[in-house]
Amino acid sequence: MRKKIIAGNWKMNKDIHGTATLIQELRDRLKDFRGGAEIVVCPPFPSLVVAKTIIGDAPIRLGAQNMSHQDDGAYTGEVSASMLAAVGCTCVILGHSERRQYFKETNELVNAKVKKALAAGLTPIICVGETLEERESGVTDAIITTQVRGVLHELSSGEIEKVILAYEPVWAIGTGKNATPEQANDVHRHIRKLVSQMTSWNVAEKLVIQYGGSMNAQNAAVLLAQPDIDGGLIGGASLKSDAFMTIIQAAAEAVSQ
Ligand code: PEP
């Protein structure tokens with residue numbers, strides 16, 4: 001049985017005060033949590049240090065939402081993988097559809113970032129997903145294939161073993177319209193098969209593939225019960241500790257069944 005990992009993508013929400021409050025609330029709610037799912041929070045860059053301090057010894061991993069594909073130097077406004085590791089991040093979201101759409105990130109750029117993240121010891125949470133137009137044209141699997149092959153280009157099996165893939169249909173992000181459990185699981189199965197062709201079944205079977213796209217306290221249990229859905233990347237519902245905690249509980253229960 002693969003572990004389930006629930007990650008909160010806070011996007012451009014919560015300053016240091018809001019971060020402190022939300023993480024403290026999560027800490028309080030986690031006192032009764034008996035484990036069974038891994039938890040990640042990804043606040044904005046300026047909140048990472050405060051977040052790390054307040055997380056303390058709580059079972060919460062810290063992640064960032066993006067990073068540079070460069071190591072250091074004259075890249076105004078950028079943040080490197082080693083800088084993230086130095087403030088206590090162990091994960092980083094890469095290739096989110098908002099980065100692809102608004103900042104023109106390509107599979108090649110995401111691939112370069114993935115390599116730097118792995119070299120710095122970070123777990124990349126790599127996002128892939130089709131647009132509504134692509135789904136309606138029946139090319140979802142082809143789009144996902146291109147994206148997965150692109151972002152994992154030239155990675156060894158040992159490196160692929162360390163990544164998390166997040167299937168996030170673009171039409172489901174922030175829209176309140178989630179993929180059905182069957183739609184999501186079909187794409188997850190496609191991704192796993194593809195990764196098995198690139199590596200081996202052994203690697204593919206261990207690969208954590210999260211679903212993201214309007215996952216919330218109401219629909220999490222049925223999505224997370226699917227055999228190939230190994231967790232969630234959560235936007236809106238990660239900003240409220242009660243909703244996020246309900247999703248974490250749903251993941252833990254799915255593991256215990
Ligand atoms: C996301 O941004 O990764 C996401 C899944 O957002 P939401 O849960 O709000 O759809």
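So for region 87-103 (the condition being surrounded by 14 or more Cβ atoms within 10 Å (Cβ to Cβ), without any contact (Cβ under 8 Å) to a residue 40 or more places away in the chain and more than 25 Å from VAL148 (Cβ to Cβ)), does at least one residue qualify?
Yes, region 87-103 has at least one match.
What number of residues in region 208-228 are away from the ligand (no atom under 12 Å from the Cβ) and more than 12 Å from the chain's Cα centre (by Cα)?
So the count comes out to 8.
Given the conditions (1) in a helix (DSSP H, G or I); (2) of a type in the set (Gly, Ala, Ser); (3) free of Cβ contacts under 8 Å to residues at least 40 places away in the same chain, report the number of the one that GLY150 does not fulfil.
(3)
Restricting attention to region 36-50, which residues are out of contact with any helix residue (DSSP H, G or I) (no Cβ under 7 Å at 6 or more places or on another chain) and either among the hydroxyl-bearing types (Ser, Thr, Tyr) or more than 17 Å from LEU84 (Cα to Cα) (or both)?
The one that is out of contact with any helix residue (DSSP H, G or I) (no Cβ under 7 Å at 6 or more places or on another chain) and either among the hydroxyl-bearing types (Ser, Thr, Tyr) or more than 17 Å from LEU84 (Cα to Cα) (or both): GLU38.
With the checklist (1) open to solvent by less than 50 Å² (accessible area, probe 1.4 Å); (2) within 16 Å of the ligand (Cβ to nearest atom) in hand, flag the one item GLY158 doesn't pass.
(2)
For region 169-184, name all the residues that are within 13 Å of the ligand (Cβ to nearest atom), open to solvent by 10 Å² or more (accessible area, probe 1.4 Å) and assigned to a loop (DSSP other than H, G, I, E, B).
Once the filter is applied, which keeps residues that are within 13 Å of the ligand (Cβ to nearest atom), open to solvent by 10 Å² or more (accessible area, probe 1.4 Å) and assigned to a loop (DSSP other than H, G, I, E, B), region 169-184 yields ILE173, GLY174, THR175, GLY176, LYS177, ASN178.
Give the residue, chosen from VAL187, VAL203, that is within 22 Å of PRO124 (Cβ to Cβ), open to solvent by less than 50 Å² (accessible area, probe 1.4 Å) and in contact with a Phe, Trp or Tyr (Cβ under 6 Å, 6 or more places away or on another chain).
The match here is VAL187.
Applying the selection to region 2-41, what residues are aliphatic (A, V, I, L, M) and part of a helix (DSSP H, G or I)?
ILE16, ALA20, LEU22, ILE23, LEU26, LEU30
What pairs come out if I take residues in region 24-52 that are closer than 28 Å to ARG2 by Cβ and pair them with residues that are charged (D, E, K, R) and open to solvent by less than 70 Å² (accessible area, probe 1.4 Å) whose C-beta lies under 6 Å away, six or more apart or interchain?
ALA37/LYS4; VAL40/ARG61
State yes or no: is SER156 of a type in the set (Ser, Thr, Tyr) and in contact (Cβ under 8 Å) with a residue 12 or more places away in the chain?
no
Open to solvent by 10 Å² or more (accessible area, probe 1.4 Å), farther than 20 Å from SER238 by Cα and among the basic types (Lys, Arg): is that true of LYS193 in this structure?
When the stated conditions are applied, LYS193 passes them.
Read through the list (1) of a type in the set (Asp, Glu); (2) in contact (Cβ under 8 Å) with a residue 24 or more places away in the chain; (3) not in a loop (DSSP other than H, G, I, E, B), then give the number of the only condition that GLU133 fails.
(2)
Filter region 5-50 down to the residues that are of a type in the set (D, E, K, R) and within 16 Å of the ligand (Cβ to nearest atom), then identify the one that is most open to solvent (accessible area, probe 1.4 Å).
LYS14
Here are some residues: LEU118, LEU62, LEU84. Which one is away from the ligand (no atom under 14 Å from the Cβ), closer than 30 Å to ARG189 by Cβ and modelled with pLDDT of 95 or more?
Just one listed residue meets the conditions, LEU118.
Could you check THR131 against (1) under 21 Å from ARG189 (Cα atoms); (2) within 14 Å of the ligand (Cβ to nearest atom) and say which number it fails?
The failed condition is (2).
Scan region 112-136 for residues that are under 17 Å from SER80 (Cβ atoms) and open to solvent by 10 Å² or more (accessible area, probe 1.4 Å) and jot them down.
ALA112, LYS115, LYS116, LEU118, ALA119, ALA120, GLY121, THR123
The values are calculated or read from the model by the stated rules, or taken from the named source; none is laboratory data. The structure presented is a predicted model; accordingly, all values stated were derived computationally and were not measured. Virtual Cβ from ideal backbone geometry, glycine too; neighbours counted across all protein chains shown. Surface accessibility is based on the protein's heavy atoms, side chains included, excluding ligands, DNA and RNA. Shrake-Rupley method; radii C 1.70, N 1.55, O 1.52, S 1.80 Å.
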